[in-house]
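Report on the following structure.
The values are calculated or read from the model by the stated rules, or taken from the named source; none is laboratory data. Fair warning: this is a prediction, and the values are worked out from it, not measured in the lab. Don't worry about glycine lacking a Cβ; one is built from the backbone with ideal geometry, like all the others, and counts go over all protein chains shown. All accessible areas refer to the heavy atoms of the entire protein, side chains included, with ligands and DNA or RNA removed. Shrake-Rupley method; radii C 1.70, N 1.55, O 1.52, S 1.80 Å.
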Amino acid sequence: MVAAAQGRETAARRRVQTALAVAAALALFSVLWEVYKVVGGTIDDRWSDVLPVRPDDLTMPHVWEIAGSFIDPVQRGSSEILAVSLLKAAGFTLIEAGLGFLIGTIVGLGLAVVMLRSSWLDRALVPWINISQTVPLIALAPIVVTWGRTTFLGDTVSVALIAAYLTFFPVAVNGLAGLKSPAPEALELMRSYAAGWSKTLFALRLPAARPYLFPAFKLAATLSVVGAIVGEISAGIRGGLGRVILDYAGRYTTGPEKLYAAVIAAALLGLFVFGMANLAEARVLRGEKQES
Amino acid sequence: MTADTTSVAAGYTVPRRFGAVAPAVIAGVVLLALWELGVRAFGIREFVLPRPSSIGQALVDNWSTSEGVSTVSLRQAGWNTTVIAVSGLVVGVSLGVALALLASRYVRVGRTLTPFAVAANATPIVALAPIFNAWFGITSALSNQAVVVVVVFFPVFLNTARGLLEVEPSQIELMRSYGASDLSVLRQVRIPNAIPFFLTSLRLAAPLSVIAAIVAEYFGGPQDRLGPVITQNASFARYAEAWAAIVVASVVGLALFALAVGFERVAMPWRRPVDGQ
Amino acid sequence: MLTPVPAISIQGVGKTFNPDSDGRIVALDGIDLDVDAQEFVSLIGPSGCGKSTLLRLIADLVTPTAGIVEVFGKPAHQARLDRDYGMVFQSAGLFSWRKVARNIELPLELMGWSKADREARSAEMLELVQLPEFGNHYPWQLSGGMQQRVAIARALSFKPRLLLMDEPFGALDEMTREHMQNELLELVAEVGTTVVFVTHSVSEATFLSDRVVVLSPRPGRIQEIIDVPLGDHRTEETREDEAYFKCATEVREALRRVGASS
């Protein structure tokens, strides 16, 4: 149909526009970075206190140095370039984050269903669920990992649990709101069909909850990456991006651009996961226009 | 639903009557009791989950002087971290609101920048901590404060901007029909509309500031803060002390959350808060 | 002589909400009503008169505090479990995540019908409401009137003998409304269902029904039941008949007597 083809056309055009906008933003940022370094370099000696950040090459490597580090070898004499090494570390972190996301989603949805079923449990648990997010469980990462090592669960699962802790909250909260969202008439309709509680849950409440769940999934996806990285750092786990960032921070003086590269890699991982969640939403909700 | 993923609010209103609070209190007591009994009954090794009583003891012992591994008392460490968290929170919130107001004034700029803000919010901002350490010096408080500012800024900006911009067109048309200026529209329509969104993001930002401060502390720096107290005690197997520090951190986070909720009560006594998305 | 069992038998029915508290509301009081098979009965009355509540009592979505409701000779509760009726609300209430055909199939799914049977029946129903090419569309792609037609198709998909309708055309514009009324009459004649129809509109009640039940303001009691002997084949022309106007006037006057404001 013509309308669909036109729709695809505008979508493609929008993608190009987005890509151009991103490229423009990156270019602008790079220009500002270098300009700051140049300008700052001239006034630095006399008014060094004015500048918030010193513009020397150690504190602020040149943009091209940072970009170049991606294709430099990871270490002197290594055949692997930094980009590949970062990619592997990102993959490692991604697995932990993904597992955490899965666990968090299951727990979150489970909690939402339980609280739906029993309003007593709803009132009993909501405050504790809220409070759980003020406890920096992330701080417990070393303990969680140590415990994990005494059981059959490995380090990966331990970090995944930390990620899950951050994930379950938005899923539970939004999930409950979504499960409660159907209009009274929809519920009456199901009763008129003599449909029981579980049939109503699967045929009505869960599908109706999706517009509430997807924003939560997007948030949870990014949180799971944060949880995985910080979990790795505080537990001292090797192999993931967290450790890489920590290492390069420690060896900053010998290669500042590597730290920047690692942080950029972490940012890209977060964006990747966020993008995947957006794609999933588009795919699942394809065709159904959702009323906000 | 818009693609805003910055804040997911609990829709949680502080209950007024005891009857409404009772289930939560009961649940809390039950959980505590289970915890205490479970550790004793199953002989769970102390490092997994010290008994609440052990933690309480460590809290008391370490409050004014340190008995544990670190040289700083819990009170002092708690204070230092709180200062960083709160100062970062204040700056981050102010910046968020200021830029949101700007975005509502220069709408096209605002609309082009918002997707970037959404994207930035999706990145693990705490990973910037080592870079800020390099910029501002690892010993300064500024590097950690900067992390808190950035973490807090995005949800506040995105939610407030949304509240300022997503106004009923009919309300704007009404104001225009009165010949109202842009500033008037802002004051009379946009800001009242934005208040619930802002307050929702404040509720989120408050505990987030504490967590961001502690996580930033993991990347190195002075040891007289809560983050290092937790990790040092944990690495020397002094788990009760580590948990005690976590309790302090949680209490601070809760206090800030309660402040944010209280602020909501004062600012909008007539309405329930809106769920941010 | 055998008197046939009425389709619906309401005896001495009352409904009080929150009987033990300050918020006590007597919605209905002393309702006696019989509806014969294949009859079309409208419930009309001022806001708050309990007509929607009465409909829900028949549907067993609300239980009476006094009296008995029987549907096809069994208690209303059993009739609901046996799925003896279909229900249509003012908002079409289609599930936005299901395509039109799958919306019609919803009750059939819940009843455990096989995929093939379901699809055959939903195709049949789409023909019946004259929307045969829309099975693969999503509800948002249909107009309000079309969505209501789908809701009616869904209500009739398992061919119940009774149709309960709560102001189904209330949200539609006048032209669409009249069109839908014509279609409804044709449909009902074809399928042979009994209908209980709640409405605000005098013209709608008169045009559609064999009898119009006028309810008083809260507590709702049956004020009057007005016969509408306009025959079984009502069309556009019927709306301009003398007889139609006479009946509509009767209904309107009954409403005025009951104290219906506006």
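List of remarks:
- Accessible area that becomes buried as A packs against B, both chains, 1.4 Å probe, Å², nearest 100: 4700 Å²
- For segment A:69-291, the residue among A:LEU125, A:PRO170, A:ILE229 whose Cα projects farthest onto the positive side of the dipole built from Cβ charges is A:LEU125.
- Residues in segment A:258-292 that a label on C:HIS137 would reach, taking backbone N under 15 Å of a point 7 Å out along Cα→Cβ: A:288-289
- Going from the chain on its own to the full set of protein chains, segment A:190-222 has these residues losing 40 Å² or more of accessible surface (heavy atoms, 1.4 Å probe, no ligands, DNA or RNA): A:ARG191, A:SER192, A:TYR193, A:ALA194, A:LYS199, A:ALA203, A:PRO215, A:LEU219.
- Average accessible surface area per residue within chain B, 1.4 Å rolling probe, Å²: 45 Å²
- Karplus-based coupling profile of segment B:179-192, in residue order and whole Hz: x, 6, 7, 4, 5, 4, 4, 4, 5, 7, 10, 5, 5, x, with θ = phi - 60° in 6.51 cos²θ - 1.76 cosθ + 1.60 and x standing for Gly or Pro.
- For chain B, the longest site-free run once GluC sites (Glu not before Pro) in DSSP loop states with at most 16 other Cβ atoms within 10 Å are removed: B:167-277
- FRET efficiency, 1/(1 + (r/R0)^6) with R0 51 Å, evaluated for B:THR71 and C:ALA123 via beta carbons: 0.05
- Positive end of the dipole of the protein assembly as shown (Cβ unit charges, origin at the Cα centre): among A:LEU111, C:ALA155, C:PRO19, the Cα lying farthest that way belongs to A:LEU111.
- A 1.4 Å probe run over segment A:13-113, with the rest of the protein chains in place, finds 64 Å² accessible per residue.
- Efficiency of FRET from Cβ geometry, B:PHE236 and A:VAL53, R₀ 56 Å, rounded to 0.05: 0.95
- Lys, Arg +1 and Asp, Glu -1 on Cβ, resulting dipole of the protein assembly as shown about Cα centre, debye, nearest 20: 2000 debye
- Given charges at beta-carbon only (K, R positive; D, E negative), |dipole| of segment A:79-203 in Debye: 280 debye
- Sites C:ASP36 and C:THR63 - FRET efficiency at Förster radius 22 Å, r taken between beta-carbons, to 0.05: 0.35
- Restricting segment C:5-72 to trypsin sites (Lys or Arg not before Pro) that sit in a DSSP loop and have at most 13 other Cβ atoms within 10 Å of their own Cβ leaves C:ARG24.
- Projecting the Cα atoms of B:VAL149, C:GLY30, B:ILE26 onto the dipole axis of the protein assembly as shown, where Lys and Arg carry +1 and Asp and Glu carry -1 at the beta carbon, places B:VAL149 farthest toward the positive end.
- In a simple Cβ point-charge model (Lys, Arg +1; Asp, Glu -1; nothing else charged), chain A has a dipole of about 1060 debye relative to its Cα centre.
- Exposure ranking of A:THR156, B:THR65, A:THR59 by accessible area [1.4 Å probe, largest first]: B:THR65, A:THR156, A:THR59
- The 1.4 Å probe gives accessible areas that order B:PHE236, A:PHE92, B:PHE219, largest first, as B:PHE236, A:PHE92, B:PHE219.
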